[in-house]
Every structure is written in C-alpha cells, then in structure tokens.
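The values are calculated or read from the model by the stated rules, or taken from the named source; none is laboratory data. As the structure is a prediction and not an experimental result, all values here were calculated from the model. As a convention, Cβ positions derive from the backbone with ideal geometry for all residues, glycine included, and neighbour counts pool all protein chains shown.
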Amino acid sequence: MNSDFSAISVRISGVYEEIAKTHCSSKSYSLGNVKLKTIELIHLIRRTICPQLSQDATTDGQESLLKAMKLLEKLILDIQPQLSEEEASSITSKFLDELPTVAKKLVKDVRAAYEGDPAAQSVEEIMIAYPAYEAISIYRLAHILYLLKVPLIPRIMTEYAHQKTGIDIHPGARIGTHFFIDHGTGVVIGETCRIGDHVKIYQGVTLGAKSFELDENGNPIKGIKRHPDIGNHVVIYAGATVLGGSTVVGDNCVIGGNVWLVHSLKPGEKIYNNP
C-alpha cells in the first residue's frame with residue numbers, strides 16, 4: 001500500500017471539512033444513513049398504501065405504517081436536531097393525516113394511465129411495471145413533506161425515483177389529479193411548476209426555467225417562480241420543452257413533439273414543430 005496512505009487520507013478528510021464548513025447546514029448526522037433510511041421509508045409507506053407491491057404477501061399494512069411513522073420522526077430529529085420531539089411528532093402526524101388523500105390521488109393516476117395507454121392490459125400492470133407510477137407515487141409522498149418544510153428528505157425521495165425511473169419531478173411541483181406520464185424517460189418537472197388535472201405528457205418533456213435571476217453577488221435568487229403553469233386536459237408530446245415562470249399553457253392545449261415553447265398559450269391552442 002502507498003506509504004503516504006495516512007497523509008492522503010488526512011488531506012481528503014480536510015477537503016471534506018472545508019466543504020462542510022462552507023456548505024453543510026449540520027454535521028450531526030450521516031448523510032449516507034439518512035439516504036438509506038429515506039429509501040426504507042418510501043418502501044414502508046408504499047407497502048401500506050398498496051400491499052400488493054410488497055414482496056411479502058403477508059405484509060401487515062398497519063405494522064408497516066407504524067414503522068414508517070417512527071422512522072420518519074427519527075429522520076426529522078436527525079436532520080433537524082433543533083426541533084423538540086413534540087415538534088417532530090406534530091410534523092409526522094400532519095404527514096400521516098395526508099396519506100389517505102395521496103392514496104385517492106394515486107388511484108386516479110392509475111386510472112388515467114389505464115385509460116390513456118392502449119397498451120395497458122390491467123391496473124396491476126401499471127402499478128408494478130410502469131416507471132411513471134413509481135415516480136408519481138414517490139413524488140406525491142415527497143410533496144407533502146416539502147409543504148411541511150421538512151428539509152432534505154423530500155429531495156432524496158424524488159431523486160431516488162429519478163435514479164430508478166429516469167423521471168425527474170421536483171417535490172415542490174404542484175400536480176393535479178389524473179396525471180399520466182407515458183414512457184417517461186427523460187421527463188423533467190421543475191420546482192415551481194404547476195400542473196392541472198387530466199394532464200398527459202410523454203418522454204423527454206421538460207417543464208423548466210428559462211434563466212435564473214441573480215442577486216448582487218451573482219448567485220441565483222431562490223424561491224421565485226421559474227417554471228411554467230400547465231392547465232387542465234393538456235397533452236404534451238415527446239421531446240417538447242416548455243420554459244419560464246411567466247409561461248401559462250391554458251386548458252385543453254396540445255403541444256407537439258420537439259416544440260420549444262417560451263410563451264403562453266390560450267385555452268384550446270395547438271402548437272406543432274413544423275420543419
């Protein structure tokens with residue numbers, strides 16, 4: 001082994017310490033452990049909402065939910081040590097209260113997929129095989145935590161879905177009911193995007209930002225509207241790019257494949273990329 005191993009190890013640790021001092025909000029927890037426990041949390045909750053997705057046919061939904069809520073409360077305390085146990089318990093309870101609503105939305109998402117894809121042979125096929133259902137179901141859980149202002153965990157959840165499915169939905173996006181992503185690979189939905197009900201998008205669609213406003217130090221300004229609004233009953237075909245926080249796509253619009261759109265559309269408009 002390299003005789004300078006110890007010195008190199010110290011130098012590597014020193015680099016991390018500099019990064020941590022400059023950019024990390026806390027060093028009181030293991031980032032790797034938080035990620036692993038967050039993934040465990042996802043599986044526990046999805047097992048509760050839909051026991052059929054579990055590898056174990058004898059899964060007890062109530063037991064899984066209890067484990068999930070205990071795990072969530074511990075994660076919240078790990079990443080926010082300034083909170084009291086009562087505060088962490090309150091956040092966990094609010095999350096729990098929203099789960100029935102999430103379950104109802106997911107039923108509508110599955111129905112939209114079944115009705116929107118002629119290749120779908122059954123609801124079970126959508127739930128077990130479609131990457132979009134996995135990404136959307138994880139997003140809907142993460143979105144609750146995002147609204148509850150829980151740091152880190154929501155983004156770990158949606159990036160886990162991104163890694164597994166190729167679908168990148170920021171937990172801050174607001175998405176209505178009966179949402180369907182067909183195929184899904186390469187879809188990007190930004191943080192401040194708002195999507196109505198009965199929207200269908202195809203692979204490679206980006207709902208993104210045009211550019212970032214900068215502060216006096218040249219850093220991006222956070223917390224402003226950067227991504228488009230999509231109305232109800234909109235269809236966006238493969239490879240389309242819709243950009244900008246002031247871009248509003250009205251109800252019943254159709255956006256064709258590979259369209260580059262940086263302006264608003266009135267309700268019922270159709271736009272295509274005609275070479």
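Within region 184-202, the set of residues being part of a loop (DSSP other than H, G, I, E, B) and buried (at least 18 other Cβ atoms within 10 Å of the Cβ) comprises G184, V187, G190, E191, T192, C193, G196, H198, V199.
The set of residues in region 79-88 being surrounded by 15 or more Cβ atoms within 10 Å (Cβ to Cβ) and in a helix (DSSP H, G or I) consists of I79, A88.
Residues in region 207-232 that are at negative phi and surrounded by fewer than 20 Cβ atoms within 10 Å (Cβ to Cβ): how many?
The initial filter retains those residues of region 207-232 that are at negative phi, namely 207-217, 219-222, 224-232.
With surrounded by fewer than 20 Cβ atoms within 10 Å (Cβ to Cβ) added as a condition, the list becomes 208, 210-217, 219-222, 224-225, 232.
Here the count works out to 16.
Which of (1) surrounded by 15 or more Cβ atoms within 10 Å (Cβ to Cβ); (2) under 16 Å from the mean Cα position of the chain (by Cα) is the odd one out, the single condition K149 does not satisfy? For K149, the failing item is (1). Taken over region 95-145, the residue count meeting the criterion of being within 15 Å of I45 (Cα to Cα) and either in a loop (DSSP other than H, G, I, E, B) or more than 19 Å from the chain's Cα centre (by Cα) (or both) is 1.
Close contacts from region 249-263, counting a first residue that is assigned to a loop (DSSP other than H, G, I, E, B) and a second that is at pLDDT below 95, with Cβ to Cβ under 8 Å and a gap of 6+ residues or different chains, come to G256/N273; G257/N273; N258/N273; V259/N273; V262/K210. Taking into account only those residues within region 18-63 that are acidic (D, E) and in a loop (DSSP other than H, G, I, E, B), which is modelled with the lowest pLDDT? By that ranking, first place goes to D56. Exactly one residue out of P131, P154, P100, P118 is on the phi < 0 side of the Ramachandran plot and surrounded by 21 or more Cβ atoms within 10 Å (Cβ to Cβ): that is P154.
Can you confirm whether I224 is out of contact with any Ser or Thr (no Cβ under 7 Å at 6 or more places or on another chain) and not in a loop (DSSP other than H, G, I, E, B)?
It is false that I224 is out of contact with any Ser or Thr (no Cβ under 7 Å at 6 or more places or on another chain) and not in a loop (DSSP other than H, G, I, E, B).
Please indicate, with yes or no, whether at least one residue in region 172-186 is in contact with a Ser or Thr (Cβ under 6 Å, 6 or more places away or on another chain) and within 22 Å of I49 (Cα to Cα). Among the residues of region 172-186, not one is in contact with a Ser or Thr (Cβ under 6 Å, 6 or more places away or on another chain) and within 22 Å of I49 (Cα to Cα), which makes the answer no. Here is the figure for region 252-275: residues that are out of contact with any His (no Cβ under 6 Å at 6 or more places or on another chain) and farther than 15 Å from T206 by Cβ total 14.
Close Cβ contacts (under 7 Å, 6 or more residues apart or on different chains) running from residues in region 104-121 that are under 13 Å from I136 (Cβ atoms) to residues that are outside any helix (DSSP H, G or I) and among the small types (G, A, S) comprise A113/A120. Has region 203-214 got any residue that is assigned to a loop (DSSP other than H, G, I, E, B), closer than 20 Å to G268 by Cα and under 14 Å from the mean Cα position of the chain (by Cα)? The answer is no, given that none of the residues of region 203-214 is assigned to a loop (DSSP other than H, G, I, E, B), closer than 20 Å to G268 by Cα and under 14 Å from the mean Cα position of the chain (by Cα).
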